[in-house]
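Worksheet for the structure shown next.
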Amino acid sequence: MRLTNEEQDFLDGKHGAILRKTMETLVRYGDMYDAECLVPLDGPVHLVCSFGMPALKPLSRIMKEMIDAGIRTKLPFTADPQPLDYENVTANQQEQEMYQLLYGTQKEYESMLAKLGLKDENAYTCACYFDEVGNTPKFGDHLAWAESSAVVYANSILGARSNRTSGVMEFFSGIIGKTPKFGFLTDEGRKADWIIELKTSSLPRPQILGSAIGMKVVEKVPYIKGLDQFLGTELTPAVKDYLKDMGAATASNGAVALYHAENLTPEAKKDGAGLIRENAPVYIIDDAELERVVKSYPILWADLNAKPERAFVGCPHASFHQLTEWTEIFEKALRETGSDKVAVDTIITSAPDVIAKFKETEHYDRLLKTGVKVSHICPLMYMSNPLCAKKSIITNSNKLRTYSTARYVDDETLVNLVVKEGF
Ligand code: F3S
């Protein structure tokens, strides 16, 4: 990899041993992918590792060494959600003891993040790109992020440029303020490998469409034709929410880091079909294909007829617009069934800054009246507790379904289930 004199100085140890090792790691990483050079980051990093696990000792050791040497990230960074919120996501004594084993060093870890440059105590969310949070990249920005749902959002909807880096690598990039240039940071790497032709009778559920695309193209770049017939050509808040949830499913059911949606996402609007590689294969998605995909999901509950014990909505974290929308959906369902409150413990997860804004609206009290709670946690971290994984949890998130024992249900089914308490 071509290095500037300034970068070579880091590699030669002129800025100390810690920054030498940090730079050497980035250079080796870049060399592995035939990167041509390092490029300056245009925005803050976003740390995927937001949980203090005793098992992550090597990372803690590195962070402690950096703190002792007064090293911080170049820009204040954001991080994935915190794992626990007993006020809104209750846990019994045994479960809490298990969480203590899992996330026993959470406080210490958070205090290290603060010293290393965490933006503020509200910076914990996977949707750092929300306006309320403020880590919102611009078109063309070079980034080094690892959180899969955030990378696919930044690349596809905002037109920023990030590889799906690893947890430690994004942190090191944030310290040096640079990242190796390869893959999605290059024009060539952003070309579409697949054409997706949408031939459904109506707008598909984003979670299922994303799942179908992810499973087919895996880590390749899809160019989606036909979404604009349902979503229009403008990135309104509702359209961005749709694409956020669809993208997270492509990134978790496959490993998609970038998609283009014809006439909709910024690069597709700018370059159109010129983005598609020659001889790109075509995947046609119709109603039957989506049905096949949904039927292929395994259900990991011990008792398939169990009553749901808890429902999670908001993976990735719900936007302000979605919190408002869900309030009205639950209110309507309760009115129709003549009930006051949901019958199943239901939690919508969102970013702390978004929740703070939501709390200032009348919708917040209205949502609480339905019995639904709002929390800032990551539901997957909740499900990582083996005692909680045994529970009958439902979710409308295909990402949560993929990585845990939670059972996927679509939005309408979820609402029916939590209002009526059973299948
Ligand atoms: Fe976010 Fe956790 Fe889902 S990090 S995308 S809420 S798995």
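Here are a few things to note about the model shown:
- Radius 13 Å from Cβ of Pro316, net charge of other residues (Lys, Arg +1; Asp, Glu -1): -1
- Rg over Rh for region 375-423 works out to 0.97, both radii taken from alpha-carbon positions and Rh defined as the Kirkwood radius.
- Listed peptides 390-400, 4-14 appear in the order 390-400, 4-14 once ranked by packing, highest mean of other Cβ atoms within 10 Å at the front.
- With the simple model of a label 7 Å out from the Cα in the direction of the Cβ, Lys341 to Ser60 spans 3.8 nm.
- Mean residue ellipticity, 222 nm, helices only, the chain: the sum of -39500 (n - 2.57) across DSSP H runs of n ≥ 4, divided by residue count and rounded to 500, is -12500 deg cm²/dmol.
- Net charge over other residues, Cβ less than 13 angstrom from the Cβ of Thr90 (K, R count +1; D, E count -1): -2
- For Ile71, net neighbour charge (Lys/Arg +1, Asp/Glu -1) across residues whose Cβ lies under 13 Å away: +4
- With eigenvalues of the C-alpha gyration tensor scaled by 5 and rooted, region 310-420, Å: 21, 17, 11
- Two-decimal Rg to Rh for region 191-295 - Kirkwood Rh, Cα set: 0.92
- Square roots of five times the Cα gyration tensor eigenvalues for region 1-75, Å: 23, 16, 13
- Taken over the Cα atoms of region 117-162, the convex hull encloses 71 Å³ per residue.
- Split the accessible area of the chain by element, probe 1.4 Å, and carbon with sulfur accounts for 51%.
- Of the GluC sites (Glu not before Pro) found in region 97-144, those that fall in a DSSP loop while having at most 15 other beta-carbon atoms within 10 Å are Glu121.
- Note: region 266-343, Cα convex hull, 215 Å³ per residue.
- Vicinal HN-Hα couplings computed from phi for region 348-365 (Karplus, 6.51 cos²θ - 1.76 cosθ + 1.60; Hz; Gly/Pro x): 9, 9, 8, 6, x, 5, 6, 4, 4, 5, 5, 4, 7, 9, 5, 4, 4, 5
- DSSP beta bridge pairing in the chain, given as percent antiparallel to the nearest 5: 10 percent
- With only the Cα atoms considered, region 5-185 has a convex hull volume of 116 Å³ per residue.
- Among Asn279, Asn263, Asn135, the residue with the largest mean-square fluctuation in a Gaussian network model of the chain, with springs joining Cα atoms closer than 10 Å, is Asn279.
- Close amide H partners of Glu219, meaning residues 5 or more places away or on another chain with modelled amide H under 5 Å apart, are Ala255.
- For the peptides 312-318, 236-242, the ranking by packing is 312-318, 236-242, with the highest mean count of neighbouring Cβ atoms within 10 Å listed first.
- One way to sum up the overall shape of the chain is the equivalent ellipsoid from its Cα gyration tensor, whose semi-axes run 35, 28, 18 Å, largest first.
- Potential extension, Ser296-Val39 segment - 0.36 nm per residue separation minus Cα distance: 88.3 nm
- Loop-located GluC sites (Glu not before Pro) in region 358-420 (DSSP state not H, G, I, E or B) with no more than 16 neighbouring Cβ atoms inside 10 Å: Glu360.
- Per-residue HN-Hα couplings for region 107-113 [Karplus 6.51, -1.76, 1.60; θ = phi - 60°; Hz; x = Gly/Pro]: 4, 4, 5, 5, 5, 5, 4
- Mean separation of Cα contacts under 8 Å (6+ apart) over length of region 345-422, as relative contact order %: 25 percent
The values are calculated or read from the model by the stated rules, or taken from the named source; none is laboratory data. Please read all numbers here as calculations on a predicted model, not as lab measurements. Here Cβ is always computed from backbone atoms with ideal geometry, including for glycine, and neighbour counts include all displayed protein chains. For accessibility, only protein heavy atoms count, side chains too; no ligands or nucleic acids. Shrake-Rupley method; radii C 1.70, N 1.55, O 1.52, S 1.80 Å.
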